[in-house]
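The structure appears right after this line, and notes come after that.
The values are calculated or read from the model by the stated rules, or taken from the named source; none is laboratory data. Quantities reported herein were computed from a predicted structural model and do not represent experimental measurements. Every residue, glycine as well, gets a Cβ built from its backbone with ideal geometry; the counts of neighbours run over all protein chains shown. Surface accessibility is based on the protein's heavy atoms, side chains included, excluding ligands, DNA and RNA. Shrake-Rupley method; radii C 1.70, N 1.55, O 1.52, S 1.80 Å.
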Amino acid sequence: MTKTVPAPKAGILDIAPYIGGKSKIEGVAEPIKLSSNENALGCSAKAIEAYEAAKVKLFRYPDGHAAPLRAAVSAYHDLEPERLVFGNGSDEVFALLNQVYLEAGDNIVTGEHGFLAYRISALACQAEVRLAEEPDQRVSIEKLLELVDAKTKIVYISNPANPTGTWNTPEEIAYLRARLDPSILLAIDEAYAEFVDEPTWETAFGMARGSDNMIVTRTFSKIHGLAGLRIGFGYCPLPVIEAIDRIRLPFNANLPAQFAAVAALQDSVHIEASRQQILNWHPRLRQAIAGLGFEVRKSIGNFVLIYFKDGEEAARANEFLMTQGIIIRHVANYGLPQCLRITIGKDEENQAVLEALAKFAATRA
Ligand SMILES: Cc1ncc(COP(=O)(O)O)c(C=O)c1O
């Protein structure tokens, strides 16, 4: 008798596994890690206190409705509490949306350099992922619309976008929404919203409020520095919440994460310090990097993207920075082999990056 082994359903093994930012360099005890857009200043001391306080409750299940956190987010962002869904990071909110809305043969549409999390869970639903060209590495509304058809269920945009740091204006988002059939969801991922100081960018919360097909997601992983706890949320139309709640695991937002997230929202001093660290360093880093002869464009978010001559030079620069104890992100798997993304870090980390890049610049032909 021939032996068979359990086989994953069609398509699963064709999905390229997500590769996170590196965190180790062999032989370097404490590398400078600027590869995952984490918060340079860590998280709030108040969030740590709340996390500590949660430890005596670890034997309890978390609040499946995340009531205190729901109330805190609702008050902080002025959002109707019943329209919020919490997830194990905003990644889980994308996965839940995909599970609820995608059947085999459906499709999602997103930018060619868009965040990978939307794609992986869509492929797991046996849906097609359609990647719209991004001229100048910026999401083009027209290019997205060209790919939308009767099988499109969700259009995803990260705004600001990772890793390009480009963004779409509220007028563009409104234009897109107006041209999408109301049966198609428009999901706007605002993971980096709090780091923005750009008059032509605006949160989509207001637009989503009056909409039956728009979703806005946020995360506690970036400005609040709680990436390790995994907590994010989506602001959705009520029918979307009702559908998600049918399949959401009852305790998907863990207990210490809920505690710490409430405290993080209350620490306006830490939020502002984190924001200022990025806003102060963005122009300084871009100017200094350009001064070394590298191409770096205006971008928003807690990172900068350097464009090298080609993929080979970007790979060499990446290796060189590792020899200097610095880990950054080569974003070849985002369709940008010629680019390295550097998370803006602490003052001394940013200085170290600039010194290392200056040394690399000296080796250039
Ligand atoms: C555009 C974008 N969206 C979402 C996330 C992930 O957020 P979370 O940690 O809440 O899953 C990231 C993280 O890097 C991101 O870059």
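CYS339 fulfils the conditions (1) over 17 Å from the mean Cα position of the chain (by Cα); (2) open to solvent by 10 Å² or more (accessible area, probe 1.4 Å) except for a single criterion, (2). So, in the range 99-146, how many residues would count as being open to solvent by 50 Å² or more (accessible area, probe 1.4 Å), part of a helix (DSSP H, G or I) and touching a strand residue (DSSP E or B) at 6+ places or on another chain (Cβ under 8 Å)? Adding up the residues that qualify gives 4. Residues of the range 311-365 that are among the β-branched types (Val, Ile, Thr) and touching a helix residue (DSSP H, G or I) at 6+ places or on another chain (Cβ under 8 Å): ILE326, ILE327, ILE328, ILE342, ILE344, VAL353, THR363.
Give me the residue from the range 200-223 that is part of a loop (DSSP other than H, G, I, E, B) and within 10 Å of the ligand (Cβ to nearest atom) and, out of that set, surrounded by the fewest Cβ atoms within 10 Å (Cβ to Cβ). Ranking the candidates gives SER221 first. Within the range 216-231, residues that are closer than 17 Å to LYS346 by Cβ have Cβ atoms under 7 Å from residues that are basic (Lys, Arg) in these pairs: ILE223/ARG275, counting only partners at least 6 apart in sequence or on another chain. When you scan the range 51-72, do you find a residue that is of a type in the set (Asp, Glu) and at pLDDT below 95, even just one? No, the range 51-72 contains no residue that is of a type in the set (Asp, Glu) and at pLDDT below 95.
Scanning the range 44-83 for residues that are open to solvent by less than 40 Å² (accessible area, probe 1.4 Å), in a loop (DSSP other than H, G, I, E, B) and more than 26 Å from CYS236 (Cα to Cα) gives a single hit, SER44. With the condition kept exactly as written, say whether any residue in the range 170-192 is of a type in the set (D, E, K, R), surrounded by 21 or more Cβ atoms within 10 Å (Cβ to Cβ) and within 16 Å of the ligand (Cβ to nearest atom). Scanning the range 170-192 turns up at least one residue that is of a type in the set (D, E, K, R), surrounded by 21 or more Cβ atoms within 10 Å (Cβ to Cβ) and within 16 Å of the ligand (Cβ to nearest atom).
Out of all the residues in the range 84-95, which are within 12 Å of the ligand (Cβ to nearest atom), open to solvent by less than 40 Å² (accessible area, probe 1.4 Å) and not in a loop (DSSP other than H, G, I, E, B)? Within the range 84-95, PHE86, GLY87, SER90, GLU92, VAL93, PHE94, ALA95 qualify. Of the residues making up the range 250-281, just one is in contact with a Lys or Arg (Cβ under 8 Å, 6 or more places away or on another chain), open to solvent by less than 40 Å² (accessible area, probe 1.4 Å) and in a loop (DSSP other than H, G, I, E, B), namely ASP267.
Please go through the range 99-119 and pick out each residue that is within 12 Å of the chain's Cα centre (by Cα) and among the hydrophobic types (A, V, I, L, M, F, W, C). Hits for the range 99-119 are PHE115, LEU116, ALA117. Scoring GLU30 on the criteria (1) out of contact with any Lys or Arg (no Cβ under 9 Å at 6 or more places or on another chain); (2) in the same structural domain as ALA193 (by TED's automatic domain parsing) leaves a single failure, condition (2).
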